1. What are the residues in region 137-171 that are part of a strand (DSSP E or B) and either within 23 Å of Val35 (Cβ to Cβ) or at pLDDT below 95 (or both), if any?
2. Name the pairs: first residue in region 1-18 and surrounded by fewer than 14 Cβ atoms within 10 Å (Cβ to Cβ), second residue among the hydrophobic types (A, V, I, L, M, F, W, C), Cβ to Cβ under 7 Å, at least 6 apart or on different chains?
3. Which residues, taken from region 4-26, are modelled with pLDDT of 95 or more and in a strand (DSSP E or B)?
4. Is it fair to say Val150 is aliphatic (A, V, I, L, M), under 29 Å from Asn21 (Cβ atoms) and in contact (Cβ under 8 Å) with a residue 60 or more places away in the chain?
5. Filter region 27-49 for residues that are part of a loop (DSSP other than H, G, I, E, B) and among the charged types (D, E, K, R) and give the result.
6. Those residues that are in a loop (DSSP other than H, G, I, E, B), modelled with pLDDT of 95 or more and surrounded by fewer than 18 Cβ atoms within 10 Å (Cβ to Cβ), I need them from region 50-73; list them, please.
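The values are calculated or read from the model by the stated rules, or taken from the named source; none is laboratory data. For clarity, every value in this text was computed on a predicted model and none was experimentally measured. All Cβ positions, even for glycine, are placed from backbone atoms using ideal geometry, and neighbour counts span all protein chains on display.
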Amino acid sequence: MDTYHINIAGVDRDLKMYSVNEHLDIAAFIMFGDVEVTEKAASALLKLCPEHDVVVSAEAKGIPLGYEMARQGCREYVIARKSIKVYMRNCTEVTVNSITTEKEQKLYLGDDEAEYLKGKRVLIVDDVISTGESLAALEKLMEKCGADIVGKACVLAEGEAKDRDDIIYLEPLPLFYK
């Protein structure tokens, strides 16, 4: 199988298959460049999500969804960065290990963003939740900032993530074991 067919918020897509290792393949969902899926998925998720003050996601694949959900909804979003930029001072940081990234990474927020998030009702969003490592890192980052996490949402719940009762998602995405 070279592709996996899926319908996301009324939009049909064929996701290309990639090998993670000798025992596992994944169907890669990449929102970058897919405006139709991004807009429709954001709209569908907003109908399911609780009221919130700000949308938070991690660099990089969650950026389109976070932006579009904020544009259609609360009008505020914050992106946790994977590296410290010159304009980021006194950073709050956490460590993350993701299924789609080979090595350990860190997520950072500058002091201005951390202060802004304090006491805010935060909706954490991402394109795909699989192992939940990236989500857990964002949760820790929000806790360090004093934000109130009111919901966690993604477009696709991959593998066992579909069985979680703490996330909102549009469609399940299977893992393909060899």
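1. Across region 137-171, the qualifying residues are Ala153, Cys154, Val155, Leu156, Ala157, Glu158, Ile168, Tyr169, Leu170, Glu171.
2. Met1/Met17; Asp2/Met17; Thr3/Leu15; Thr3/Met17; Lys16/Ala28; Tyr18/Ile26; Tyr18/Ala28
3. Tyr4, His5, Ile6, Asn7, Ile8, Val11, Asp12, Arg13, Asp14, Leu15, Lys16, Met17
4. The answer is no for Val150.
5. Result: Asp34, single match.
6. Pro50, Glu51, Asp53
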